[in-house]
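**Q** My questions will all concern the structure given below.
The values are calculated or read from the model by the stated rules, or taken from the named source; none is laboratory data. Treat the numbers as computed from the prediction; the structure is a model and nothing was measured. For neighbour counting, all protein chains shown are included, and Cβ atoms are generated from backbone atoms with ideal geometry for every residue, glycine included. Accessible surface areas use protein heavy atoms only, side chains included; no ligands, DNA or RNA. Shrake-Rupley method; radii C 1.70, N 1.55, O 1.52, S 1.80 Å.
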Amino acid sequence: MRMTPGRIVGIAVGAIAILGIGVYGPAMLLGPLPAVNVTVAEGADTAPEEGAAPVTLPADGASAMAVLADDGAATTLGVGGDTEPVPIGGAVKLVTVLATLDTLPLPPEGGGPEITIGPADYTDYLRYVAEDTRTLPVLPGEKWTERDVVRAVLLASSNNHADTLVRWAFGGVDPYVEAANAWLAENGFTATRVADATGLSGDNVGTPEELTRLAALVLADPRLAEIYAIPEAPVAAGERDIPDNVARSGEAGVRALARSYTDQAGVTFVYTTTVPGPDDETPYRLVGATTLMPDYETLDAAVSTAVSSSAQSAVPAEIITAGTPYASVEAAWGDRAELIASVSRTDASWGNSVAGASVTVEPFTTASAGSEVGRISIATGNGDVASPLELTRAIRDPGPIWRLANPAAIIGAFIADQQG
């Protein structure tokens, strides 16, 4: 039977239609689904409003407080008063010791090499006695270990021993000043500059914030930290009996690291203390510094307020609350769920040091209820605090009818998948 042209066209169209349906159906049913849309909850990317009050520092003078991290770095909790470089008095002796030990460190044990007291050292001693500044007696020809000289600089704030240390290590005060300022620059101290080894010159300047960083470096050195603990124990055999002149009585729990008075810097005080941490076994170690204080009465009040407010600011606050929705997701086919924190997290808020939050969600198409698909993270003064985010409801496959009725979504997901 001869087929007419119309019959031939009809058969061809039918074949194409059957073939198209055979390809279209599997493509739509087996193709990838578009990823869900994520909406961050309002306010989820800002810092929590609740928390302890900030650390209280005096408006007069210049002060700073910092908390030590596990790696020994100092994170500033607050600054008060003058923020520009100011005279720092005897606190410069922290630089004297740190810059010296950077090239001539104390041995793990023992007193280290001997330093012979020469004529210049004895002349310095007599001059500083005449000027009525802090000294420790020496005689020409005496031999002091490096550790005893360092102890005299730190604990007794001895000016003649500061000069002796740098004369032994650098060949003189002038070469020391050049080397110490280079050391400061290499270690990121942009405000601190030294003019001598003693702190008597008003040209020794810095900020309390950088003084807390210097204090952190001192405490990170086991041998130096040991020196500050020595006054609480008997003097070891073979060591000189060095008076603890920097200590300040009446400050329970506060260990002085440097204390001095000069006409230019007023009373300068660098110290360390601890406040209760998240648990009884792990307190927070703090370092504080203040300068330009007019007298010790003002200093004592400022330190007392700084320490007590730090303890209050360290009270653990709930930063992330389990069950709180931080984002929501919605699929193109209408399924919707919230993303909630799966665990609560607490941390010392340190007042204003709680920074912004970030919400991250990994792209996905379907997931069961309770699946962890994202993360909420909040930066605090003690590091990041985070919790997984989980789905409150399942995001299910929409089924064949939706797939067949929404080719554009399936094709778009396929193209995105190929490009990704």
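**Q** Would you confirm whether or not segment 70-84 contains a residue that is of a type in the set (Ser, Thr, Tyr), at negative phi and in contact with a strand residue (DSSP E or B) (Cβ under 6 Å, 6 or more places away or on another chain)? Spell out how you get there, then give the answer.
**A** Within segment 70-84, the first condition is being of a type in the set (Ser, Thr, Tyr), and the residues that meet it are 75-76, 83.
Going one step further and asking which of them are at negative phi, we end up with 75-76, 83.
Filter once more, keeping what is in contact with a strand residue (DSSP E or B) (Cβ under 6 Å, 6 or more places away or on another chain): 75-76.
Looking through segment 70-84, at least one residue is of a type in the set (Ser, Thr, Tyr), at negative phi and in contact with a strand residue (DSSP E or B) (Cβ under 6 Å, 6 or more places away or on another chain).
**Q** Here is a follow-up. Looking at THR365, THR346 in this structure, which one is open to solvent by 50 Å² or more (accessible area, probe 1.4 Å) and at negative phi?
**A** On the way: THR365 fails: open to solvent by 50 Å² or more (accessible area, probe 1.4 Å).
That would be THR346, the only listed residue that is open to solvent by 50 Å² or more (accessible area, probe 1.4 Å) and at negative phi.
**Q** Now a separate question. Before we move on, is VAL79 hydrophobic (A, V, I, L, M, F, W, C), in contact (Cβ under 8 Å) with a residue 60 or more places away in the chain and open to solvent by 70 Å² or more (accessible area, probe 1.4 Å)? Quick ask: steps written out before the conclusion?
**A** Numbers: hydrophobic (A, V, I, L, M, F, W, C): yes; in contact (Cβ under 8 Å) with a residue 60 or more places away in the chain: yes; open to solvent by 70 Å² or more (accessible area, probe 1.4 Å): yes.
Yes; evaluated as a whole, the condition is true for this residue.
**Q** Then there is this: Of all residues in segment 280-335, how many are in contact (Cβ under 8 Å) with a residue 60 or more places away in the chain, under 30 Å from GLU390 (Cα atoms) and of a type in the set (Ser, Thr, Tyr)?
**A** Summing the residues that are in contact (Cβ under 8 Å) with a residue 60 or more places away in the chain, under 30 Å from GLU390 (Cα atoms) and of a type in the set (Ser, Thr, Tyr) in segment 280-335 gives 2.
**Q** Scanning segment 301-326 for residues that are part of a loop (DSSP other than H, G, I, E, B) and out of contact with any Gly (no Cβ under 8 Å at 6 or more places or on another chain), which turns out surrounded by the most Cβ atoms within 10 Å (Cβ to Cβ)? Don't jump to the end; show me each part of the working.
**A** Residues of segment 301-326 part of a loop (DSSP other than H, G, I, E, B): 314-315, 321-324.
So of that shortlist, the ones also out of contact with any Gly (no Cβ under 8 Å at 6 or more places or on another chain) come out as 315, 321-324.
Working: VAL315: 15, THR321: 14, ALA322: 13, GLY323: 11, THR324: 17.
Only one residue fits best here, namely THR324.
**Q** Looking at segment 379-398 only, could you name the residues that are at pLDDT below 90 and either small (Gly, Ala, Ser) or farther than 30 Å from LEU286 by Cβ (or both)? Spell out how you get there, then give the answer.
**A** Going residue by residue through segment 379-398, those that are at pLDDT below 90 are 379-385.
Within segment 379-398, ALA379, GLY381, GLY383 qualify.
**Q** A further question on this structure: Kindly list the number of the only condition in (1) open to solvent by 10 Å² or more (accessible area, probe 1.4 Å); (2) under 30 Å from ALA394 (Cβ atoms); (3) of a type outside the set (Asp, Glu) that fails for PRO294.
**A** Single failed check for PRO294: (2).
**Q** Residue check: is VAL329 in contact with a Leu (Cβ under 8 Å, 6 or more places away or on another chain), in a strand (DSSP E or B) and under 27 Å from ALA73 (Cα atoms)? Steps first, answer last, please.
**A** Working: in contact with a Leu (Cβ under 8 Å, 6 or more places away or on another chain): yes; in a strand (DSSP E or B): yes; under 27 Å from ALA73 (Cα atoms): no.
Here the answer is no, as VAL329 does not meet what is asked.
**Q** Being over 26 Å from LEU224 (Cα atoms) and in a strand (DSSP E or B), is that true of even one residue in segment 40-58?
**A** Quick first cut of segment 40-58, residues over 26 Å from LEU224 (Cα atoms) only: 40-58.
Subsequent filtering for residues that are in a strand (DSSP E or B) retains 40.
There is at least one residue in segment 40-58 that is over 26 Å from LEU224 (Cα atoms) and in a strand (DSSP E or B).
**Q** Suppose the filter is assigned to a strand (DSSP E or B) and either at pLDDT below 90 or hydrophobic (A, V, I, L, M, F, W, C) (or both); does VAL343 pass it? Reasoning before the result, please.
**A** Details: assigned to a strand (DSSP E or B): no; either at pLDDT below 90 or hydrophobic (A, V, I, L, M, F, W, C) (or both): yes.
So VAL343 fails the test.
**Q** Among the numbered criteria (1) closer than 16 Å to LEU104 by Cα; (2) in a loop (DSSP other than H, G, I, E, B), which one does LEU200 miss?
**A** All conditions pass for LEU200, except number (1).
**Q** How about segment 95-186: which helices (runs of 4 or more DSSP H) wholly inside it have at least 2 residues that are surrounded by fewer than 18 Cβ atoms within 10 Å (Cβ to Cβ) and among the aliphatic types (A, V, I, L, M)? Before the answer, list the steps.
**A** Working: elements: 119-130, 146-154, 159-170, 173-186.
Qualifying helices (runs of 4 or more DSSP H): 119-130, 173-186.
**Q** Inspect all residues belonging to segment 65-87 and state whether any of them is closer than 15 Å to ALA197 by Cα and either modelled with pLDDT under 95 or of a type outside the set (S, T, N, Q) (or both).
**A** Yes: one or more hits.
**Q** Restricting the search to segment 368-399, which residues are open to solvent by 50 Å² or more (accessible area, probe 1.4 Å), within 29 Å of ASP71 (Cβ to Cβ) and not in a strand (DSSP E or B)?
**A** Result: ASN382, single match.
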